[in-house]
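One structure below.
The values are calculated or read from the model by the stated rules, or taken from the named source; none is laboratory data. Being a predicted model, the structure only gives us computed values, none of them experimental. Note that we place each Cβ from the backbone using ideal geometry, even for glycine, and neighbour counts take in every protein chain shown.
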Amino acid sequence: MGRKVEPFEFKQAVNILKSSREKANCLGTLRHMISRVSDESIFHHTCQYFLKEHSLGYTNDFAQWAGESLEERALAERLSNIDPYSFKSISGTRKELLRVIGEYTRDFPAPRCALSGDEFYFNETITLVFPVGVKVKNLVEFFIALQHIDAGSIHFHFYEARVRLGKGVDDFSRWFREALNRKALAKNIGTIDPFMHNIDGIREHIKEMIEDDLKAEMEGLRQ
């Protein structure tokens, strides 16, 4: 008799935007506000960037504002290189933002300010998590569900989990390892860089890795 498998329940988060009423019109003020706004605000402007509709090649709201409103392209590039998923907490991301802006303002002590009406407005989100009505208990069911599950659910389980769990681990890898005992698959999916792919890219990478794992299993059974 095999061990009982804990099903994986797909969930999704609804983010309600809330203004913090804080704003910045120059880099000095921006850095000061980054040092004191809530973790939820830093999370919103960095980790939730991929859920927003952006046509520019920046990776967070701070970089976009520096590049577009202040026309500080060099700083925007440096801020874009900050990977929030490389830190185990929002505190690490905050410190890196402060370091990068601090170094830039030391090198360029008098950067321009934003025009009136084009200031950076700090927001944060109130997150409501709810199940989407899909539970799976094996890898084949997971593979089928993954092809149809909403992008917001993938973002919640693959991106946000890394910060929520505080260990840099996504929910998918954790379930594959702990519930299904598929340690190799969990390790492979854990190597997917969330900073280098959009949600559709993440979906495809996971699908390919699951297919490879299932094929290897089938070939092992035939031998």
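Before moving on, here are some points about what is shown:
- Count of the stretch 121-155 residues, restricted to those that are over 15 Å from Phe176 (Cβ atoms) and more than 21 Å from the chain's Cα centre (by Cα), is 4.
- Any chance Ser173 is surrounded by 14 or more Cβ atoms within 10 Å (Cβ to Cβ), more than 22 Å from Ser89 (Cβ to Cβ) and not hydrophobic (A, V, I, L, M, F, W, C): no
- The lone exception for Ala186 - which of (1) touching a Phe, Trp or Tyr at 6+ places or on another chain (Cβ under 6 Å); (2) touching a residue at least 24 places away in the same chain (Cβ under 8 Å) it fails: (2)
- Test: residue in the stretch 103-119 that is in contact with a helix residue (DSSP H, G or I) (Cβ under 9 Å, 6 or more places away or on another chain), touching a residue at least 60 places away in the same chain (Cβ under 8 Å) and farther than 16 Å from Leu30 by Cβ: no
- All positions within the stretch 74-130 that are of a type in the set (Gly, Ala, Ser), loosely packed, with under 13 Cβ neighbours inside 10 Å and closer than 14 Å to His45 by Cα: Ser91
- Boolean, Ile101 is more than 22 Å from Glu160 (Cα to Cα) and hydrophobic (A, V, I, L, M, F, W, C): yes
Rundown of residues vs (1) assigned to a helix (DSSP H, G or I); (2) touching a residue at least 40 places away in the same chain (Cβ under 8 Å); (3) not small (Gly, Ala, Ser), yes/no style:
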| residue | (1), (2), (3) |
| --- | --- |
| Val140 | yes, yes, yes |
| Ile144 | yes, no, yes |
| Phe156 | yes, yes, yes |
| Arg162 | yes, yes, yes |
| Ser173 | yes, no, no |
| Phe176 | yes, no, yes |
| Leu180 | no, yes, yes |
| Asp200 | yes, yes, yes |
| Arg203 | yes, yes, yes |
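- Checking the stretch 46-60 against the condition returns no match, with no residue being free of Cβ contacts under 8 Å to residues at least 60 places away in the same chain, more than 21 Å from His155 (Cβ to Cβ) and out of contact with any Lys or Arg (no Cβ under 9 Å at 6 or more places or on another chain).
- The single residue among Gly133, Gly190, Gly152 that is surrounded by fewer than 13 Cβ atoms within 10 Å (Cβ to Cβ), small (Gly, Ala, Ser), closer than 20 Å to Lys11 by Cα and assigned by TED's automatic domain parsing to the domain that holds Glu208 turns out to be Gly133.
- Restricting the stretch 25-62 to residues that are within 17 Å of Ile90 (Cβ to Cβ) and among the small types (Gly, Ala, Ser) leaves a set whose member that is modelled with the highest pLDDT is Ser35.
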